[in-house]
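Working notes, structure below.
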Amino acid sequence: MTTTDGTTTTVRLSGRSGLLAAIPAMLGFHPQESLVMVCMSGPRRRLGPVIRMDLEEPRGQGGPPSPPGEQLRLYAGRYSDEVALVCYSRAKRRPGLYDKVVESLEAGGTTILDQVFVRGDRVCSSWPGRGDNSGRLPGARDPQVLAMNAASALSGRSILVDRQALRDSIAGPVGRAATQASRALHLAADALVGPVGTEGPVDSAALEEMTRVNIDRALAEAAGSSGLPASRCALIALLLSDVQIRDHVIARAVEEMEPPWLPMLIAVARATPDVDAAPICAVLSVAAYRRGDGALAQVALDRVLKAEPDYRLAHLMLGVMAAGLPPSNLRGLGQDPPSVQDVLSAQEGGLPWPDSTPGRTGASGQERTDDLGGGNDLDQ
């Protein structure tokens, strides 16, 4: 698997079974009721990115409606020489969205190399029930599935059963655990009084040093077997509520590709109550997208906007993702920017506002999801 982060693991796959083995690993979960487009480029058909969208067309979205295939056509034009479409559905009829997407891609000059329909574990070249039943999904012991699973494990990520499981993997504490997490935040706030003070200007240098020390310790703990203590998670979540501190942490996360940033940030997000989760989940979203994990980035943004619907960095990240900007573009955030938000705002000029973008949460609050996965090599 070839990712965009500069740390490369290559898995060579072949044929349609290789394509189907790659998709869950590249998305981070097994898609259901979804249309997936796999971009391929070069003579060896290097895979990436992989884009997933819901089969159900959006209703009640704010802003002007966009053609269903517009987002996929944007990605296809930017990243591919040809694409493969894989439709996952248990429906007896082909979803109307599918034909609209195909029409849009073909009108834009996109070469569609293959069209695959998956119903349960059955794989067909035409809609199930119309013949051409060409086999079943590759099983758990398929060599190409095992190779993709191993590559995912090397990157510190597991392949989850569905998108809801991905949401659950970064969900905040509930019940008694939420009460304990809130108590930990109050204790962390008390611990800040000494180095920061209660009167006069904030000692920014002391705050930045405290952040550096605790982030370094958290990364070391995430790399070990003990995990992060609740006190560390609470202190980091609290420190990130300062925008300047948050931006400094983002600058590190997009530059330092070797340390286990995603496991560390996920641990902090899981220990942070929803009401306080916007800053940590915003940092997680940027770090995930930088590493080509668009699905994780999207569910992290969902949690940000649930806590704070007007959180500016979340809306900027939605625009970055909707515009299909390469994850490597975020590397510039680590070059001592005046503001992460300023840098993201400058990316490719005017980005589409997320409420008018298919796959985002509109004025009605109804969510629709598009996900972006990483890159791979497919030999066919």
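The values are calculated or read from the model by the stated rules, or taken from the named source; none is laboratory data. Every value quoted in this text rests on a predicted model; they were computed, and no experiment measured them. All Cβ positions, glycine included, derive from the backbone under ideal geometry; neighbour counts span all protein chains shown.
Of the residues G324, G294, the single one that is of a type outside the set (A, V, I, L, M, F, W, C) and under 20 Å from S158 (Cβ atoms) is G294. The single condition among (1) surrounded by fewer than 18 Cβ atoms within 10 Å (Cβ to Cβ); (2) in a helix (DSSP H, G or I); (3) not basic (K, R) that A222 does not meet is (1). For beta carbons closer than 8 Å, sequence separation of 6+ or different chains, a first residue in segment 296-310 that is more than 17 Å from F29 (Cα to Cα) and not assigned by TED's automatic domain parsing to the domain that holds V275 and a second that is surrounded by fewer than 19 Cβ atoms within 10 Å (Cβ to Cβ) and of a type in the set (V, I, T), there are no qualifying pairs. Taking segment 76-164 and the strands (runs of 3 or more DSSP E) fully enclosed by it, the elements with 1 or more residues that are at pLDDT 90 or above and of a type outside the set (D, E) are at 82-88, 112-119, 122-124. Considering every residue within segment 260-282, establish whether at least one is part of a helix (DSSP H, G or I), within 24 Å of P31 (Cα to Cα) and touching a strand residue (DSSP E or B) at 6+ places or on another chain (Cβ under 8 Å). Checked segment 260-282: no residue is part of a helix (DSSP H, G or I), within 24 Å of P31 (Cα to Cα) and touching a strand residue (DSSP E or B) at 6+ places or on another chain (Cβ under 8 Å). Looking at this structure, is S204 surrounded by fewer than 18 Cβ atoms within 10 Å (Cβ to Cβ), in contact (Cβ under 8 Å) with a residue 40 or more places away in the chain and more than 25 Å from Q180 (Cα to Cα)? So S204 passes the test. Tallying residues that are among the hydrophobic types (A, V, I, L, M, F, W, C) and within 13 Å of A314 (Cα to Cα) within segment 251-287 yields 9. List the residue pairs whose Cβ atoms are under 8 Å apart, where the first residue sits in segment 246-270 and is on the phi > 0 side of the Ramachandran plot, the second is outside any loop (DSSP other than H, G, I, E, B), and the two are 6 or more positions apart or on different chains. Within 8 Å, no pair qualifies.
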